[in-house]
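What follows is one structure encoded as structure tokens, with my remarks underneath.
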Amino acid sequence: MGDILVVDDEKDIRELVSDILIDEGYTTRLAANSDDTFYEINSEAPDLIILDIWLKESKLDGIDILKTVRRDNPDIPIVIISGHGNIEIAVAAIKQGAYDFIQKPFNIDQLMVVISRAMETSRLRRENAALKVRDVTSSTMVGESLIFKALKSQLDKVTKTNGRVMLRGASGSGKEVAARYIHANSDRSKAPFVSVNSATIEPERMEEVLFGRETKERGHEPGLLEQAHGGFVFFDEIADMPIGTQSKILRVLVDQQFTRVGGSDKVRVDMRVVSATNKNLLDEIAEGNFREELYHRLNVVPIEVPALEERREDIPVLAEHFIDELHKTQGLPKRNLSEETAAMLQTMSWPGNVRQLRNIIERVLVLGADTGDIEPNELPNNVATENDDGPTQKSFAMLPLREAREMFERDYLMAQINRFGGNISKTANFVGMERSALHRKLKSLNVITTNKSGARVAEIDEIDQG
């Protein structure tokens, strides 16, 4: 869950807080003074620091440690604790950058709530910083297949409008890339793009994260919707948003305003909304998990994002794109795919879609050679190919030659057809057959091509077989 550094001059307090955190699933490190604190930070930066403001026999007190950490490690959230607290000390600590202030003896539930909030805020900041770095490359649409061109044409049509878009597709298919493409090519391209992943935000924290909060000590803390003012908000995995929060988002879409948690002032927002889901929202509505009115508000322009297996023609060009991107952003070797590797990638099964392809390319570049073409033996051996559920060596051995040859030809030709996106001409050219001869062969093998989500795929004609 996270690594927390506990800094307190009292051993009993250090160990008590540590035991509580360990029980909650965190890992902890302990420090009694400023020297120990900086040693631990320099060894490896923690995810959060709990810091006593009064430290006996320490070169620096808590406020000085706070200042130093905020200067050198501004991304580490710090929660101040003290047995001599007052409002002036709390305000001073927060002005110096502390996330919050808790007075001893503290309530365990209160401490855990503050830690959870601080960790979530820190995570969102890191994600937003990473997203800013990825903005340019992550809005690049890459592909050459017909189904990809159809998708891009739809996206181009919605870039210049303010209509709400619902992107539907499997996990890893590129829904966020599509959303960023809309943003990058819209009139709001210079304004913020704020991503809200409903699946990764704790339900009890959702409203604070979205709407922000107001407290006497900390004043106004803007949420993600406020940060998206003038730009885009992208609701990723919208089906995972708590039903109570859905009602409030619906009200925001109607009124274009909201109230921060703990506040009373209305905050007006102007933002374009793009949502994404890998679930059937009509089923979610029927099961009482999603508000029908919100669905109709968000589903103004529905767009299907195809799975990678529906656009196999794009796999080599996507792989080359990821190689180039990883070379530029991470300094990984710039290598080419061999023809054999490109062909193998096109016949693999891709349950994780484009994200899985990118991960495999990154793994090969990290673990493989620095030069030369990427060869098939460098690909992970735990990645299944499209026909892994087909005949094994053992099953071949039990068949007469004619049946074994038919089985091999069927699987081989289906893999090639799917590799070329259902294009019979390209398949015939690659396998070295006349197009008419290939059609006859497919008919004899009971192989047909059908249209699935706009892509041509090969499959066995079960009716003819039966």
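Values computed for the structure shown
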{"quantity": "Among (1) closer than 27 Å to LYS95 by Cβ; (2) surrounded by fewer than 21 Cβ atoms within 10 Å (Cβ to Cβ); (3) not charged (D, E, K, R) - the single one PRO242 does not satisfy", "calculated": "(1)"}
{"quantity": "Subset of the stretch 21-31 (residues that are of a type in the set (D, E, K, R) and either in contact (Cβ under 8 Å) with a residue 12 or more places away in the chain or under 11 Å from VAL7 (Cα atoms) (or both))", "calculated": "GLU24, ARG29"}
{"quantity": "Within the stretch 412-445, tally of residues that are farther than 24 Å from LEU146 by Cα and in contact (Cβ under 8 Å) with a residue 24 or more places away in the chain", "calculated": "2"}
{"quantity": "Residue in the stretch 32-45 that is touching an Asp or Glu at 6+ places or on another chain (Cβ under 7 Å), touching a residue at least 12 places away in the same chain (Cβ under 8 Å), farther than 18 Å from ASP100 by Cα and crowded, with 17+ Cβ neighbours inside 10 Å present", "calculated": "yes"}
{"quantity": "Any chance GLY212 is of a type outside the set (S, T, N, Q) and without any contact (Cβ under 8 Å) to a residue 24 or more places away in the chain", "calculated": "no"}
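Just so you know, all these numbers are worked out from the coordinates, no wet-lab data involved. Note that this is a predicted model, so its numbers are computed, not measured. Counting neighbours? That spans all protein chains shown, and the Cβs are built from the backbone with ideal geometry, glycine included.
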